[in-house]
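Worksheet: one structure, shown below.
Values quoted throughout were computed directly from the atomic coordinates according to the rules given, and no laboratory measurement underlies them. The structure displayed is predicted, hence computed values, not measured ones. We place every Cβ from the backbone using ideal geometry, glycine too, and count neighbours over all the protein chains shown.
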Amino acid sequence: MARTLLFDASELPPGGWDRLDWLLLRESHVHRCADGPTLDSAVAKLERLDYKVVRLAAGSWRDGSDMHAALANALDFPGYYGRTLDALNDVLWDVAGYAYGSDPTTTGTVLALDGFERFAAGEPGTADAFLDIFASRARTALVMGHPMLCLVESRTEFPPVGATPVLRWP
């Protein structure tokens, strides 16, 4: 299926450059929201733009195993998913290509993670690696015409992921 340009400057209506997805995607695929209401607002705006939003309670994840289980369930990963960071990289490639966990009839895919700061405090290496993997696969997805975003609830800054910064929204 051929995808069309998400942002075509020749057809964009006045004010179109103020679309939330444009504002987010032009800078990074991973953004942090300082609190729940900010995350709620961003999710609502992206849903109105017809994004598929997958929202998870990352604050309840005690370790990497919980993270892998939640992602596998929410994104319909296949039974053979290895529940390692390397395996996550592989299956997010498939999500980018619409094999599962995404829907080509929507504008794109958003992973919204409530309480991510709590998970990152307990599992900083895993949290950073997850964000890096997501950013890399989201960049791959964008080349295939599939915009993917990850919004994390956190007041804590994160190191750059996928060679781009994790920016605070707004």
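Ranked by how many other Cβ atoms sit within 10 Å of their own Cβ, fewest first, the residues SER136, SER60 fall in the order SER60, SER136. Each of [x] 44, 24, 15; [y] 35, 20, 15; [z] 25, 19, 14 is a candidate for semi-axes √(5λ) of the Cα gyration tensor in Å; the one calculated from this structure is [z]. Working from label points 7 Å from Cα in the Cα-to-Cβ sense, the ALA69 to THR156 distance is 2.2 nm.
Relative to the current alpha-carbon distance between ALA121 and ALA44, full extension at 0.36 nm per residue lengthens the span by 25.0 nm. Spin-label model, ALA57 to THR107: label points 7 Å out along the Cα-to-beta-carbon direction sit 2.8 nm apart.
Which of the chymotrypsin sites (Phe, Trp or Tyr not before Pro) across the stretch 67-170 are loop residues per DSSP, with 13 or fewer other Cβ within 10 Å? It would help to have the intermediate numbers written out before the result.
Values: sites: TYR80, TYR81, TRP93, TYR98, TYR100, PHE116, PHE119, PHE130, PHE134; in loops: TYR80, TYR81, TYR98, TYR100.
Answer in residue order: TYR80, TYR100.
To the nearest ten degrees, helix 124-143 and the longest principal axis of the Cα atoms of the chain are 30 degrees apart. For GLU27 and ARG168, the difference between the fully extended length at 0.36 nm per residue and the C-alpha to C-alpha distance is 49.7 nm. Note that the stretch 88-143, at 10 °C in a medium of 1.306 mPa s, gets a Stokes-Einstein diffusion coefficient of 130 µm²/s from its Kirkwood radius over C-alpha pairs. If only the Cβ of Lys and Arg carry +1 and only the Cβ of Asp and Glu carry -1, the dipole of the chain around its Cα centre is close to 140 debye. If you take the Cα centroid of the stretch 92-156 and the Cα centroid of the stretch 38-66, the two points sit 10 Å apart.
Cα axis of helix 36-48 to longest principal axis of the chain: angle in degrees, 0 to 90, nearest 10? With both axes taken from Cα atoms, the answer is about 50 degrees.
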